[in-house]
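This report concerns only the one structure given below.
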Amino acid sequence: AGTQFDFGDFSDFFSTFFSGADTSDIFEFGHDGIPRTAQAGGFGTRTQPQRGSDLEQTLDITLEEAFNGTSRSLRLQIPETQTTRQIKVKIPKGVTNGSRIRLAGQGRPGPFGGPAGDLYLVTKIAPHHFFQVSEHDLSCEVPVPDYDALLGTGLEMPTLEGKVNLKIPAGTQAGTILKLKNQGLPFSGNKKRGDLLVRVKIIIPKNLSAEEKKLIEEFKKSRGNKDAK
């Protein structure tokens, strides 16, 4: 289960309505009927006020939005009352795939004048062109020329906060995973962060010149059977 963010009283956070936003997400409350009293937690007659049922909707966000936090304009359509509400939702820093954001009182209206249920937004991070997400850790693959893997080198590694130096030790093998600590997604409510895991992909050169082939042959002879062990 993902992290849950409880915003409690909705009015504390979202007191204004927005119109004309280009990035609005639309959520429609479906027609699944009015819950019976027993389903709403009571055992009186059906004319007694009942709490409305909770709703759950997926909210697609970008990796950058998960990292930095953001606000999103949402338009809520409620067929039962034939009304539309537009609200601004704060997406806190530290959400990841499956995090739940609770919006109190924004679920299905309560039958017979009862209180509305809650709306839960379940965050889903859209695929990124470079990073993959696993909870709060990020991972990626970087190409490294074979000679740099042999001799060792340093690379400028992109992160969500800019570039950092990544050391490639001499003799690094294909598939080696190097860890950059605290370069992943933040955790909610504290300064802890996940890690960035970098998988090394060795690049073998093509179209060698005659001189390059000769040098490699000499290197091969000098190694003898050392690499067969």
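Nothing in this text is a laboratory measurement; each read-out follows from the coordinates by a stated rule. What you see is a predicted model; the values in this text were computed from it and never measured. Cβ sites come from the backbone with ideal geometry, for glycine too, and all protein chains shown count toward neighbours.
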Simple spin-label estimate for LEU208 and ASN97 in nanometres, 7 Å along Cα-Cβ: 4.1 nm
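Between HIS129 and SER222, what FRET efficiency follows from the Cβ-Cβ distance if R0 is 35 Å, with the result rounded to 0.05?
Values: r = 42 Å, r/R0 = 1.20.
With R0 = 35 Å, the Cβ-Cβ based efficiency is 0.25.
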In whole angstrom, and with the biggest value first, how far do the Cα coordinates of the stretch 176-220 range along each principal axis? 60, 18, 11
Distance violations [Cα-Cα > 26 Å] among LYS179/LYS206; LYS163/LYS213; LYS167/LYS221; LYS124/LYS192; LYS124/LYS181: LYS179/LYS206; LYS163/LYS213; LYS167/LYS221
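Give me the number: length gained by fully extending GLU56 to THR84, i.e. 0.36 nm times residue separation minus the C-alpha to C-alpha distance, one decimal in nm. Show your work: numbers first, answer last.
Numbers: separation 28, 0.36 × 28 = 10.08 nm, distance 1.73 nm.
Stretched fully, the GLU56-THR84 segment lengthens by 8.4 nm.
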Between GLU141 and residues 5 or more places away or on another chain, which pairs have amide H atoms under 5 Å apart, with H built 1.01 Å from N, and which residues are they? ARG199
Built amide H within the under 5 Å cut-off of ILE91, gap 5+: THR70, SER71, ARG72
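Quick one: in the stretch 135-229, what % of C-alpha pairs are over 19 Å apart? If you can, show how the numbers build up before the last one.
Values: 2407 of 4465 pairs.
Counting every Cα pair in the stretch 135-229, those more than 19 Å apart make up 54 percent.
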Report the FRET efficiency, 1/(1 + (r/R0)^6), for LYS192 and GLN77, where r is their Cβ-Cβ distance and R0 is 30 Å, rounded to 0.05. 0.20
Mean Cβ-within-10 Å packing, highest first, puts peptides 65-78, 198-211, 138-151 in the order 65-78, 138-151, 198-211
Based on the Cβ-Cβ distance from LEU215 to LYS181, what FRET efficiency comes out when R0 is 30 Å, to the nearest 0.05? 0.20
